[in-house]
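Remarks on the structure that follows.
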Amino acid sequence: MIGFNAGEEPLSLGAPGGSSLPLARLVAQADAAAAAGNLKEAMALYESALASAGSSAPPGADLPIVRKLFDTALLLSDVVKAESVLGLLSFRGVGEDVLSLLRGFLLLRRGDVDRAREIFALHPESPEHAYGMVIVSLLREEHGEARDALRNVLRTSDPLLARAARAIQGAYDEFALFEDGQPTHRT
């Protein structure tokens, strides 16, 4: 799950009425629901948290919630919701490099692998974009390219991204142990 950082809790956001506790509780409940696989519940809770933050939040303070909402919408294959949240992120001033990454993953969810590849290729130095290239290469069964991109991803300092990269690398390592391994096993 790209963008789910367990340590990101927007405790500094003030809910209407001056208390941040209900907002923090909503975000914690949403995170717990997402971790348990209850993605529809998580999405509803993230939306409630955004509404709770309202206009009282400092500019950009609710971005972690918006990002989690985007990721949850993608996991649910709700591309319409993901597109609207992407627009919200753009409106809130998120950098173009992050927006392009998210657009790439949205295109992957839509099945437009070629356009996603073009977007991920724009930032070859970025481990996050390299991860997108790994996914594209895996989908296209271009394992040499996937392994090349994987080397860039493995240099990341993001623990979730590093864990995902190690899992993919582990699968390649396991496949390499069996000389007579079938390509379908690798796929």
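Solvent-accessible area per residue for segment 85-170 at a 1.4 Å probe radius, Å²?
I get 52 Å² per residue for this part.
Testing the spin-label approximation: label points 7 Å from Cα along Cα→Cβ at Leu139 and Val79. State their distance in nm.
1.0 nm
Using a 1.4 Å probe, how large is the accessible area of His129, given in Å² and rounded to the nearest 10?
Surface open to solvent at His129 totals about 10 Å².
Calculate the length of the line joining the C-alpha centroid of segment 101-180 to that of segment 22-61, in whole Å.
Here the two parts' Cα centres lie 29 Å apart.
Which shape class applies to segment 44-187: rounded if a/c is under 1.5, otherwise prolate when a/b exceeds b/c and oblate if not, where a ≥ b ≥ c are the square roots of the Cα gyration tensor eigenvalues?
Prolate, since a/c reaches 1.5 and a/b exceeds b/c.
So for segment 116-159, what percent of the C-alpha to C-alpha distances run longer than 17 Å?
20 percent
If you roll a 1.4 angstrom probe over the protein chains with everything in place, what fraction of the accessible area of segment 33-187 belongs to carbon and sulfur, to the nearest %?
Carbon-and-sulfur percentage of accessible area, whole number: 54.
Would you kindly find the accessible area of Glu41, with a 1.4 Å probe and non-protein molecules such as ligands, DNA and RNA excluded, rounding to the nearest 10 Å²?
So the heavy atoms of Glu41 present about 100 Å² to solvent.
Order Phe120, Phe178, most accessible first, counting only protein heavy atoms with a 1.4 angstrom probe.
Phe178, Phe120
Using heavy-atom solvent-accessible surface (probe 1.4 Å) with all chains present, what is the largest-first order of Leu122, Leu76, Leu107?
Leu122, Leu76, Leu107
The values are calculated or read from the model by the stated rules, or taken from the named source; none is laboratory data. The structure displayed is predicted, hence computed values, not measured ones. Heads up, the Cβs are rebuilt from the backbone with ideal geometry, glycines too, and the neighbour counts pull from every protein chain shown. Heads up: the accessible areas ignore ligands, DNA and RNA and are worked out on the full protein's heavy atoms, side chains in. Shrake-Rupley method; radii C 1.70, N 1.55, O 1.52, S 1.80 Å.
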